[in-house]
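Colleague: One structure, as structure tokens, below. Some questions next.
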Amino acid sequence: MVSGDAAFDRGGDNTRIERVVIVGGGTAGWMTAAALAKTVPAHVKIVLIESEEIGTVGVGEATIPSIRTFNNILGLDEFDFIRYTHATYKLGIEFVDWNRLGERYFHPFGDHGRHTQEFKFLQLWLRLKSGYARGMCPDPGPISDYNLCSVAAARGRFLTTNGATSTPGPSLRYAFHFDASLYAKYLRRYAEGRGVTRIEGRIAGTDLRSDDGFISSVTLDDGRTIAADLFVDCSGFRGLLIEGHLNAGFESWSQFLPCDRAVAVGSEPLSDFPPYTRATADSAGWRWRIPLQHRVGNGYVFSSDHISQDEATARLLSQIEGKPINDPHLITFTAGHRRSMWVKNCVAIGLSGGFIEPLESTGIHLIQTGIAKLLLFFPDKRFAQANIDEFNVATLLEYEAVRDFIILHYCATERSDSSFWRERGAMVIPERLKARMSLFCSTGRIFRYQDELFTDDSWLAVMLGQGVTPKSYDPLVDKIPLPEIAKNVARLRQITAQVVDSMPSHRDFIRQYCGAATVD
């Protein structure tokens, strides 16, 4: 038998990662740099290489609540962050014209209603809907009436019990809209203040070790050579290291998500700050509206097989509120992922690893979880293949789960007014998504796989909004008398409305606590 001390081989100091090079700045690069600066031991030197000449995609301005966890881990002051990035709060996403023209629904953060020890609130609501259809009880109304974020968003209200305020009140689950370029600058200041070295330059070449193909160094266009033990590729769609030199391969999901272009433009700020993102389905894709304090981010995600760039740009400009403040710019992409997002001693984070269109604001979240997995499996110089394999498996499962949730918005539609939507309604979908939709259609049950991003409440909001309607409910709910359910649910609806009544407007809250200096 081998003793514990003999079996535990750390390999000594010669196996420790001593130098990490991040290739590329932007949101992915500086989030990675900030997180590593906060987390890794002091002996690890962190270097970030970026070029001012290379632009960033820069349209990822809407987030989901997990960004608050990332900011809190770094110890960022929320109101300071909001002021610096000209941010607004986000309570969810309003979807317009997705199932049918003229219809809209809201995908909120947080829970719908209150669950009992035995049943999800959805099952109680479905029982009431069934009773109402048979004339046995009052109409409980839309399920959004029982979600605090939905009701607050509809009325433009907001309140948080952030420690910087003395205002008592309920806790809304929220995220942010912010200027991604300003967020990158904010994190750069944070990272450099904690020892991260930034090098200005463009990568001209990469040197691979002859014995195992690992990256030993990168060469800049001015001839400088930068060596490291671990390389993090944050170079965007190019995948400069992971694809350009390590040939990871790419798996396209265009058969499910055919949109391959986005045109984006900023416009003058709105007179109010709606605390939600808007996603409006269009003839060949969808348009986003993201309200910040100093401007509105607008874009049209579209399929180039169904509309030209000029037509998409004209359509976007005709629909924005307020005057444009910059020229529209085009982003080209293919939905999908690298077949391996960690190859040898290189890890791809952000767009270099994969891309799923920003319909549910998951881009920055996938950067964040990529960083979290890198820290979870942080290597030594031996780069154990078991760690690399597990990282790749876990990352792919996460991407697939997000992909399926995005597909749901497209495949569950009754629209037939354009070839794009007729094709979406007839598309072949992944088996797991098909099974999930069938389960929901039967009795409103939702099975969430471990560690999936989207909760039961997210799935039910989009399922119902897209017209996926349960035929029945959990039969065990019949044990509760219908009048009792009706009374408790009506009271909950009333309390939710009263709580929102007590909140200030979103704009007033920002002005009082975290308004950017340039915004009146």
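Colleague: For the range 182-226, give me the residue count where each residue is crowded, with 16+ Cβ neighbours inside 10 Å, among the hydroxyl-bearing types (S, T, Y) and either out of contact with any strand residue (DSSP E or B) (no Cβ under 8 Å at 6 or more places or on another chain) or assigned to a loop (DSSP other than H, G, I, E, B) (or both).
Modeller: Counting residues in the range 182-226 that are crowded, with 16+ Cβ neighbours inside 10 Å, among the hydroxyl-bearing types (S, T, Y) and either out of contact with any strand residue (DSSP E or B) (no Cβ under 8 Å at 6 or more places or on another chain) or assigned to a loop (DSSP other than H, G, I, E, B) (or both) gives 3.
Colleague: A follow-up question, please. Can you confirm whether Y276 is of a type in the set (F, W, Y) and within 23 Å of R83 (Cα to Cα)?
Modeller: Values: of a type in the set (F, W, Y): yes; within 23 Å of R83 (Cα to Cα): yes.
Against the criterion (of a type in the set (F, W, Y) and within 23 Å of R83 (Cα to Cα)), Y276 qualifies.
Colleague: Which of (1) out of contact with any Phe, Trp or Tyr (no Cβ under 8 Å at 6 or more places or on another chain); (2) at pLDDT 95 or above; (3) not basic (K, R) does H409 not meet, given it meets every other one?
Modeller: For H409, the exception is condition (1).
Colleague: Which of the residues that make up the range 414-432 are surrounded by 20 or more Cβ atoms within 10 Å (Cβ to Cβ) and touching a residue at least 24 places away in the same chain (Cβ under 8 Å)?
Modeller: Selection gives F420, W421.
Colleague: A follow-up question, please. Conditions: (1) of a type in the set (A, V, I, L, M, F, W, C); (2) in contact with a Pro (Cβ under 8 Å, 6 or more places away or on another chain); (3) outside the structural domain of Q466 (by TED's automatic domain parsing). L126 meets all but one. Number of the miss?
Modeller: (3)
Colleague: Is it true that R445 is within 22 Å of S283 (Cβ to Cβ), of a type in the set (D, E, K, R) and surrounded by 15 or more Cβ atoms within 10 Å (Cβ to Cβ)?
Modeller: So R445 does not fit the description; no.
Colleague: Checking the structure you have, find out if any residue of the range 378-392 is crowded, with 23+ Cβ neighbours inside 10 Å, farther than 26 Å from A264 by Cβ, at pLDDT 95 or above and not aliphatic (A, V, I, L, M).
Modeller: Within the range 378-392, none of the residues are crowded, with 23+ Cβ neighbours inside 10 Å, farther than 26 Å from A264 by Cβ, at pLDDT 95 or above and not aliphatic (A, V, I, L, M).
Colleague: Same structure, new question: If a residue has to be part of a loop (DSSP other than H, G, I, E, B) and under 22 Å from I407 (Cα atoms) to count, how many in the range 264-303 make the cut?
Modeller: Residues flagged as part of a loop (DSSP other than H, G, I, E, B) and under 22 Å from I407 (Cα atoms) within the range 264-303 amount to 4.
Colleague: Do we have any residue at all in the range 313-323 that's surrounded by fewer than 20 Cβ atoms within 10 Å (Cβ to Cβ) and either assigned to a strand (DSSP E or B) or at pLDDT below 95 (or both)?
Modeller: Yes: one or more hits.
Colleague: Can you spot a residue in the range 385-405 that is of a type in the set (K, R) and in contact with a helix residue (DSSP H, G or I) (Cβ under 7 Å, 6 or more places away or on another chain)?
Modeller: No.
Colleague: Another question, then. Taking G193, is it farther than 19 Å from R289 by Cβ, among the small types (G, A, S) and outside the structural domain of F81 (by TED's automatic domain parsing)?
Modeller: For G193, the condition - farther than 19 Å from R289 by Cβ, among the small types (G, A, S) and outside the structural domain of F81 (by TED's automatic domain parsing) - is not met.
Colleague: Can you confirm whether the range 448-471 contains a residue that is farther than 22 Å from L359 by Cβ and modelled with pLDDT of 95 or more? Before the answer, list the steps.
Modeller: Step one: list which residues in the range 448-471 are farther than 22 Å from L359 by Cβ, which gives 450, 470-471.
Then keep just the ones that are modelled with pLDDT of 95 or more; that gives 470-471.
Checked the range 448-471: at least one residue is farther than 22 Å from L359 by Cβ and modelled with pLDDT of 95 or more.
The values are calculated or read from the model by the stated rules, or taken from the named source; none is laboratory data. From a predicted model like this one, the values you see are computed outputs, not experimental measurements. When we count neighbours, we look across all protein chains shown, and the Cβ atoms used for this are built from the backbone with ideal geometry, even at glycine.
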